[in-house]
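Reading through the structure tokens given below for one structure.
Just so it is clear, none of the values below were taken in a lab; they were calculated from the coordinates. On a predicted model such as this, the values are computed, not experimentally measured, just so you know. Neighbour counts are summed over all protein chains in view; Cβ atoms, including those assigned to glycine, are modelled from backbone coordinates with ideal geometry.
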Amino acid sequence: MLAGVQTTALFTAGVFNGPITLYPRAAAACIKFDDGLGNFGESAPFQIPYGDQLRLHVVMPGQAFTAGQAPGNAPAVPTPQIAGSLISAEVYVVDQGWNVVDNVTAGWSPDLVVMSLENSAGTQGYVDLTAASPMMPGSGNHATPSGIRLRTAYPAGDGRLVARMSGLEGRSDAFTINPSSYSEIVFVAPGETLAPGIQRSLFPDGKTGLPTTQVVNENVLATVYLTDAYFNPIIDPPLAGPSWPSLTFSSTAPAAAVVTFSFQNPFPMTPQAFANHVVFGTIGANTLRVVDTSPVPKSVNQTIDVTPGTPTRFLVTPNAAS
């Protein structure tokens, strides 16, 4: 129940008996009842103290903090962002009723507020913290982390900014981060995983893991993504029209290598990732090249080691010297 806001309750045989959640904090409050027919009454005055569940509360761009009111922000959905955007946030120390709580009252320790990014399932995303982490004031109202570059895209609207400080943490309302413009072709071989948003200084090709060795003359899954500069798969057609480019696959090493493609080549790209099989007929380090049909073509090379398969038969030939 929010102070000053009318709430309807059902009386049974003239009696209401049920739980009431009260906020915001108040030194003196009372509950008033009015049946709309001229009959009214009110409770004796009472105090609404701070709650006993402390957390950090994150306010995103496009939102305003609503102290003592659920859900703590208005509106409930933050402004959509684009991967690569630099944003700031506000972080408060609050109780379960969204009342700001100072460190003297609640016993928490002022410290640096560190930000990170994840989705609603808790899977870690990537940000760049381009500015120093701010100190939370003892009042709990409020720290302002700034220079947060959003790297991982969440076009489904399930991104959350996470604040942590001295054992306290809090998550923003879910928001959308759309990928930026088309910038890269990423070829993911078996054994590798695309890592949207990962820092290029750590993984310059946007992938984790290493290509696993494949067997000659067997199907090998080739997965290709069109991504932005932060390795997020793009969702909108990148060419005029709008349209999607086609991808041309070729073998560049070893010389005279035999490679069989199980798909149309060039392949017309779609919003989904390309995922089809190739068959390497040559043993050794095989390199595939993928080139798109953009006005300024983009390309990528991928090397996969190919080994003989398990022996299944013996070949017997005459010995001319016998």
Problem - Computed FRET value (nearest 0.05) for VAL216 with SER85, which takes r as the C-beta separation and R₀ as 51 Å - result: 0.65
Exercise for the section: Using the Cα centre as the reference, give the magnitude of the dipole from point charges on the C-beta atoms of the range 218-319 (Lys, Arg: +1; Asp, Glu: -1; all else neutral), rounded to the nearest 20 debye. Expected result: 240
Practice task
Take each of the peptides 299-305, 55-61, 165-171, 36-42, average the number of other beta-carbon atoms within 10 Å over its residues, and list them starting from the highest.
Solution key: 55-61, 165-171, 299-305, 36-42
Problem - Cα principal axis extents for the range 276-322, largest first, Å - result: 65, 22, 14
Exercise for the section: Find which of THR213, PRO295, PHE274 sits farthest along the positive direction of the dipole of the chain, computed with +1 on the beta-carbon of Lys and Arg, -1 on that of Asp and Glu, about the Cα centre. Expected result: THR213
Practice task
Only helical DSSP H runs with n ≥ 4 go in: add -39500 (n - 2.57) per run for the chain, normalise by residue count and round the 222 nm mean residue ellipticity to 500 deg cm²/dmol.
Solution key: 0 deg cm²/dmol
Practice task
Obtain the radius of gyration and the Kirkwood radius of the range 191-322 from its C-alpha atoms and give Rg over Rh.
Solution key: 1.09
Completion exercise
For VAL188, other-chain or 5+-apart residues with amide H closer than 5 Å (H placed, Pro excluded) are THR223, VAL224, TYR225
Handout entry: Of SER251, GLY125, LEU315, farthest towards positive along the dipole that unit charges on Lys, Arg, Asp, Glu beta carbons give the chain
Key = LEU315
Completion exercise
Cα-only Rg/Rh for the range 153-234 with Kirkwood Rh rounds to 1.11
Exercise for the section: Just check the range 50-157 against the gyration tensor rule for me: Cα atoms, a ≥ b ≥ c as the square roots of the eigenvalues, rounded for a/c under 1.5, and otherwise prolate or oblate depending on whether a/b exceeds b/c. Expected result: prolate
Handout entry: Estimated dipole of the chain in Debye, rounded to 20 [Cβ of Lys and Arg +1, of Asp and Glu -1, Cα centre]
Key = 640
